[in-house]
């Protein structure tokens, strides 16, 4: 069973789409969010969760103090699951956080999004190409605040994201079994050229 691990909605169960997604395990989310809380990267932040799947990453951020969360999922069945999960977490939080679900492709959503976002999660399907991930990161970059963090989750065998092409820089990575989490942040404008 997938659930919200901590925060005001801690213990809330989350549905998982039947297929096409691979939810981040509780153990990986616990480690990730412990590190984010240590970096003071959650309270009051604007979060975007791209390729949301069940919405577990963005909803965990909402439970732990994010001011707003935008969950983006293209597939209709998965988007319906995200909507149900978001409603459960929103009920537990009351008006403490604004949680919005967007049924759209990542490219379509980013082309019309307003930002700025302080924290971005990208947990794409394993079959997403490196070029498509790079395009998503490049489209996301103008929507990030200067101090934003970007967390990309992919299979351990996948190459690191091409941070440089997107105007970002890698700051850390950590493997958890078959999964690797890469953290990036915006490069200062003087270094982006």
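Taken over region 160-181, the criterion of being farther than 11 Å from residue 149 by Cβ, out of contact with any helix residue (DSSP H, G or I) (no Cβ under 7 Å at 6 or more places or on another chain) and in a strand (DSSP E or B) is satisfied by 169, 170, 173, 174, 175, 180. You will find that of 118, 127, 146, 132, the residue that is over 15 Å from the mean Cα position of the chain (by Cα) and closer than 30 Å to residue 9 by Cβ is 146 and no other. Exactly one residue out of 55, 34 is within 16 Å of the chain's Cα centre (by Cα), without any contact (Cβ under 8 Å) to a residue 24 or more places away in the chain and closer than 25 Å to residue 156 by Cβ, and it is 34. Just checking, which of 42, 57 is under 22 Å from residue 177 (Cα atoms) and modelled with pLDDT of 95 or more? So the residue among 42, 57 that is under 22 Å from residue 177 (Cα atoms) and modelled with pLDDT of 95 or more is 57. On the stretch given as region 37-60, residues that are part of a helix (DSSP H, G or I) and buried (at least 24 other Cβ atoms within 10 Å of the Cβ) total 5.
Looking at the structure I just gave you, is residue 97 surrounded by 13 or more Cβ atoms within 10 Å (Cβ to Cβ), at pLDDT below 95 and under 25 Å from residue 85 (Cα atoms)? In short, yes. Could you figure out which of (1) free of Cβ contacts under 8 Å to residues at least 40 places away in the same chain; (2) farther than 22 Å from residue 60 by Cα isn't true of residue 150? For residue 150, the exception is condition (2).
If only residues of region 13-30 that are outside any helix (DSSP H, G or I), out of contact with any strand residue (DSSP E or B) (no Cβ under 6 Å at 6 or more places or on another chain) and at pLDDT 75 or above are counted, the one that is surrounded by the fewest Cβ atoms within 10 Å (Cβ to Cβ) is 18. Inside region 65-80, residues that are modelled with pLDDT of 95 or more and surrounded by 22 or more Cβ atoms within 10 Å (Cβ to Cβ) make up a count of 6. Taken over region 120-139, residues that are surrounded by 14 or more Cβ atoms within 10 Å (Cβ to Cβ) and touching a strand residue (DSSP E or B) at 6+ places or on another chain (Cβ under 6 Å) amount to 4. Could you say whether any residue in region 156-166 is under 27 Å from residue 27 (Cα atoms) and buried (at least 20 other Cβ atoms within 10 Å of the Cβ)? There is at least one residue in region 156-166 that is under 27 Å from residue 27 (Cα atoms) and buried (at least 20 other Cβ atoms within 10 Å of the Cβ).
The values are calculated or read from the model by the stated rules, or taken from the named source; none is laboratory data. Just so it is clear, the structure is predicted and the values come from calculations on it, not from any experiment. We place every Cβ from the backbone using ideal geometry, glycine too, and count neighbours over all the protein chains shown.
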